[in-house]
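Structure first, then comments.
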Ligand SMILES: Nc1ncnc2c1ncn2[C@@H]1O[C@H](COP(=O)(O)OP(=O)(O)OP(=O)(O)O)[C@@H](O)[C@H]1O
Ligand SMILES: [Mg+2]
């Protein structure tokens, strides 16, 4: 079966640094895939390649079998890919509902757009925030509103870069719940660092290390793997795996 999104020999070099090294990734329609790895593993670089923010040095990116290597971010978005970066994307002068409406600007029918925006807020459990100014939201709430803006246009695939960055343990657990629920209707790729989150998501995991795929398996097998423990525990700054190893 043709993958929804695939890479073939994807490689990104920065001078002498090979940040992404010959990566073959296959994400199926409807899948929820976690992409993890220690600091410097190449996660963000892979994310930027997949979302058109940077052009890979070599290899290909395929969308439903079609070569999309080198497309710009807006072109990739138009294919039906929702992208949530770590860069804040909320305008402070708007309410939550207006923000999500803005994400639906290609829908000219006001009633349809507002209904869809409201339905998305309900889906993410933040309908009560609809009339709140985004400027006054807590960090975790802002993250959910940004996610609502990505989800509202009903993309076939959602790609998220460290969605739990800066969240409390409670917000992280809630984000994991929300993302699992969204997976009922969207394929999702999550680039993430947070191990409790990966465990709560409990789906197929691809582990990157030094730009390469170290292993790819279900979450239990990945967390039990000696090589994965070694590359995480080898980093003093990253004690997150110790909690669950
Ligand atoms: N624009 C760039 N120029 C030069 N080197 C870069 C650039 N971006 C990333 N790198 C290098 O590529 C490697 C992979 O970095 P990347 O940011 O993709 O890792 P990461 O897995 O996202 O790490 P982290 O968990 O710290 O976010 C690192 O060695 C990094 O220094
Ligand atoms: Mg990163």
If each residue's Cβ is checked for other Cβ atoms within 10 Å, how do 2, 7, 85 rank with the fewest at the top? 2, 85, 7
Relative contact order for the range 90-154 using alpha-carbon pairs under 8 Å, separation at least 6, rounded to a whole percent? 50
Measure nothing fancy, just the Cα-based angle from helix 169-182's long axis to the longest principal axis of the chain, in degrees from 0 to 90, nearest 10. 80
Hey, fewest Cβ within 10 Å first, where do 132, 209 land in order? 132, 209
D (µm²/s, integer) via Stokes-Einstein for the chain, Kirkwood Rh across alpha-carbon pairs, 37 °C, 0.692 mPa s: value 177
Normalised alpha carbon radius of gyration of the range 1-45 [divisor 2.2 N^0.38 Å]: 1.30
Obtain the radius of gyration and the Kirkwood radius of the range 90-154 from its C-alpha atoms and give Rg over Rh. 0.93
Antiparallel DSSP beta bridges within the chain, as percent of all bridges there, nearest 5: 55
Given the DSSP H assignment, sum -39500 (n - 2.57) over each helix run of at least 4 residues in the chain and divide by its residue total; what's the result at 222 nm in deg cm²/dmol, nearest 500? -10000 deg cm²/dmol
In angstroms, what radius of gyration and Dmax does the range 37-161 have, counting Cα atoms only? 15.9, 47
Over its Cα atoms, what ratio of radius of gyration to 2.2 N^0.38 Å does the range 145-207 give? 1.04
Value of relative contact order over the chain, rounded to a whole percent, pairs C-alpha under 8 Å and six or more apart: 25
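Taken together, the values in this text are just the output of simple stated rules run on the coordinates, not laboratory data. From a predicted model like this one, the values you see are computed outputs, not experimental measurements. Glycine also receives a Cβ, built like all others from the backbone with ideal geometry; neighbour counts cover every protein chain displayed.
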